[in-house]
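The values are calculated or read from the model by the stated rules, or taken from the named source; none is laboratory data. Computed from a predicted structure; not experimentally measured. So basically every Cβ, Gly included, is an ideal-geometry build from the backbone, and we count neighbours across all protein chains shown.
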Amino acid sequence: MHHRRLLGLVVALCLAAPFRASAEDVLVTQYKADPSGAPFAVAMAKGFFKNAGIDITDVISGAGGGASVRAAMASSLGYGDVSPAPVLAAIDQGQDLRIVNIGTRLLDLNIVVMPNSPIKSINDLKGKKFSISEPKSLGEMTAVLVLEKAGLKPEDMQRVVFGSLPGAVTAVETGAADVTAIPTVLFRLKDGASKYRVILGPQDMPHLPPAIGIATGDLMRNHPDKLRALLAGRREGVKYIYEHTDDAIQILSKLYAPLPPDQVAAMVHELVAAKFWSEGKMEMDLLQTTERAMRYVGMIDKPLDLNKMVDTSFLPSDLQK
């Protein structure tokens, strides 16, 4: 009798509890440390995902690089907001993935030197040392694209590896390197404006996307409505940031703590002015820039067929053009 009563209680509780079969988690690289994921926070807070037809309840923060791509592939949903270079490499190697949206449009980085540095602009980088965390990293791709922007060649500046982002920053502070790239959240957390001299800010950075949306073949084939709803909800999050910036900042101030609210506000306004976030439209020139940077740093040695790596059919219809 005891077992029957216990079973009856369990059944009653299950019937009474809300059923959320459609609840999903989504993977976003460096979610609380990088502004690329901001539209997901806004879309969850404002109910845009639910309105579109998918219940995104939480964000899994990816570690970055290939690790985020693998995590997205292994996730139950099969979608990720991740860096483009490892995605292009993975698809080129035969992984069942496609790029389904552009997330962000330009590098949210500050190229910095110490205040007493003789480097006054990116035109002075020839012969200097640029500190990076790892070879073939986003930092190294940034370095070569900044050189390209200055009309210089990849070999005109030495890229020196220091094993981590803090190590790369410390190298500039101690004089072991001349210049480095600092992500905007960390830059503001370190009060970078008073500590370093910025020679290139986010609004002037090369247009390489820090984040793109990827989907597994399983998600595209078996759950296309979920993918369409996710991209539609994310788009509404982006539009809200642009159209209701101050309200969006209230949401994002919680996400980016311990960055002070006034610094979050300044960062968001800066990125809004730079048109950092994309509603999702596939801008092939951004992927071409990524491919070029990958070639500069030795990640690939042959052209990629980018057109076969993208699928725009899950975007809202007006973004598919």
- [ ] Give, as residue ranges, the helices (runs of 4 or more DSSP H) completely inside the range 1-116 that count at least 3 residues that are modelled with pLDDT of 95 or more and under 23 Å from Val264 (Cβ atoms).
- [x] 38-46
- [ ] Identify, by number, the condition in (1) loosely packed, with under 13 Cβ neighbours inside 10 Å; (2) assigned to a helix (DSSP H, G or I); (3) more than 19 Å from the chain's Cα centre (by Cα) that Arg295 doesn't meet.
- [x] (1)
Open item on the list: Just the residues that are among the polar types (S, T, N, Q) and in contact with a Phe, Trp or Tyr (Cβ under 9 Å, 6 or more places away or on another chain), please, taken from the range 161-180.
Closed with: Thr170, Thr180
Open item on the list: Restricting to the range 277-289, name every residue that is in contact with a Leu (Cβ under 6 Å, 6 or more places away or on another chain), within 11 Å of His207 (Cβ to Cβ) and buried (at least 23 other Cβ atoms within 10 Å of the Cβ).
Closed with: Leu287
Task: Residues located in the range 290-321, provided they are out of contact with any helix residue (DSSP H, G or I) (no Cβ under 7 Å at 6 or more places or on another chain) and not charged (D, E, K, R) - done: Gly298, Pro303, Asn307, Val310, Thr312, Ser313, Ser317, Leu319, Gln320
- [ ] Answer yes or no: is there a residue in the range 141-162 that is out of contact with any Leu (no Cβ under 6 Å at 6 or more places or on another chain), closer than 29 Å to Val69 by Cα, charged (D, E, K, R) and in a helix (DSSP H, G or I).
- [x] yes
Open item on the list: Residue under question is Gly217, and the condition is that it be in the same structural domain as Asp81 (by TED's automatic domain parsing) and not basic (Lys, Arg); does it hold?
Closed with: yes
Task: Odd one out for Pro166 among (1) closer than 24 Å to Ser83 by Cα; (2) touching a residue at least 24 places away in the same chain (Cβ under 8 Å) - done: (2)
